Amino acid sequence: MRTVQRNLLADGATLERVFTGTIWGEGPVWIPQSRSIRWSDIPNDRILDFDAVTGETRVHREGVEFTNGRTIDLDGHIVQCSHGRRSVERELDGVPHTLIGNFGKHRLNSPNDVVVASDGAIWFTDPPYGIFETREGHPGTMEYGGCFVFRLDPGGELTAVIADRDRPNGLAFSPDERTLYVSDTAEGDGDIHAYDVDMTAGTATNGRLFASPRPGIADGFRVDGAGRVWTSAADAVHVYSPDGDELLRVAVP
Ligand code: MG
């Protein structure tokens, strides 16, 4: 199976280590304007930038309140999750501005990963790791009593779109935005689940199993232009077809 899908990678492509020194790195995003990769070093509470032109990595900011996943919005700005602030924020000129931190009168748990839909709505997951694990946030309680996937519409209204997951974590849309993939990092799960999306109504329904990356579990992942899912796991980046068939593993030492 892997040999027939070699063309998923460029000819002669090899895995290259571009940086070492994070305790754990998470939430990477490619920034086209600066040809760089920005990511979170969660326990070190800092954000790093890898410059693909110079090959150098520098600290973007420290004391960032344990940022995790991030993406780029329709205007090209970084939108990211902060465990410490229990919020989703947008960075403007290097300064984070809170977009949402509450669900009704309750604080969010600790937003983990985020995507922006073509209508500008921000969809994000809200497991409790940042309030349960002191090295990735601040101790706290689950105030609204669950771990939801939320949708923040461009007008600022927050709705819970998925409430049947235990620890929703990574998320991404299919290219046609008719499917939302959500990983669940609860013990005994670790799978990627698919939901049918009605973008006009802002809903995600009919959750079902999509893929079970093993060894390890799926945390963050992305979908490419052909609808293939490229996900984290313990041994490799696992690649799945839109039908959920495994196509490739990019082994990571
Ligand atoms: Mg995550």
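The values are calculated or read from the model by the stated rules, or taken from the named source; none is laboratory data. Remember, it's a predicted structure, so these values are computed and weren't measured experimentally. Here Cβ is always computed from backbone atoms with ideal geometry, including for glycine, and neighbour counts include all displayed protein chains. Surface accessibility is based on the protein's heavy atoms, side chains included, excluding ligands, DNA and RNA. Shrake-Rupley method; radii C 1.70, N 1.55, O 1.52, S 1.80 Å.
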Output the qualifying pairs, or none if there are none: Cβ atoms under 8 angstrom, residues six or more apart or on different chains, first residue in the range 144-158 and touching a residue at least 12 places away in the same chain (Cβ under 8 Å), second residue open to solvent by less than 10 Å² (accessible area, probe 1.4 Å) and among the charged types (D, E, K, R). Cys147/Asp126; Phe148/Asp126; Val149/Asp126; Phe150/Asp126
Within the bounds of the range 86-98, is there any residue that is within 13 Å of the ligand (Cβ to nearest atom) and in contact with a Cys (Cβ under 8 Å, 6 or more places away or on another chain)? no
Any chance you could count how many residues in the range 175-201 are touching a residue at least 24 places away in the same chain (Cβ under 8 Å), among the small types (Gly, Ala, Ser) and open to solvent by 10 Å² or more (accessible area, probe 1.4 Å)? 0
Those residues of the range 104-119 which are within 20 Å of the chain's Cα centre (by Cα), more than 17 Å from Glu65 (Cα to Cα) and open to solvent by 10 Å² or more (accessible area, probe 1.4 Å) amount to Val115, Val116, Ser118, Asp119
Given the condition open to solvent by 20 Å² or more (accessible area, probe 1.4 Å) and among the small types (Gly, Ala, Ser), answer yes or no: does some residue in the range 96-103 qualify? no
Can you pull out the residues in the range 9-34 that are in contact with a strand residue (DSSP E or B) (Cβ under 7 Å, 6 or more places away or on another chain) and either surrounded by fewer than 11 Cβ atoms within 10 Å (Cβ to Cβ) or closer than 11 Å to Phe50 by Cα (or both)? Val18, Phe19, Pro28, Val29, Trp30, Ile31
Which one of Thr22, Thr14, Thr71 is part of a loop (DSSP other than H, G, I, E, B) and within 20 Å of Phe221 (Cβ to Cβ)? Thr22
Residues Ala194, Ala201, Ala172: which one is among the aliphatic types (A, V, I, L, M), more than 16 Å from the ligand (Cβ to nearest atom), under 20 Å from Val115 (Cβ atoms) and under 16 Å from the mean Cα position of the chain (by Cα)? Ala194
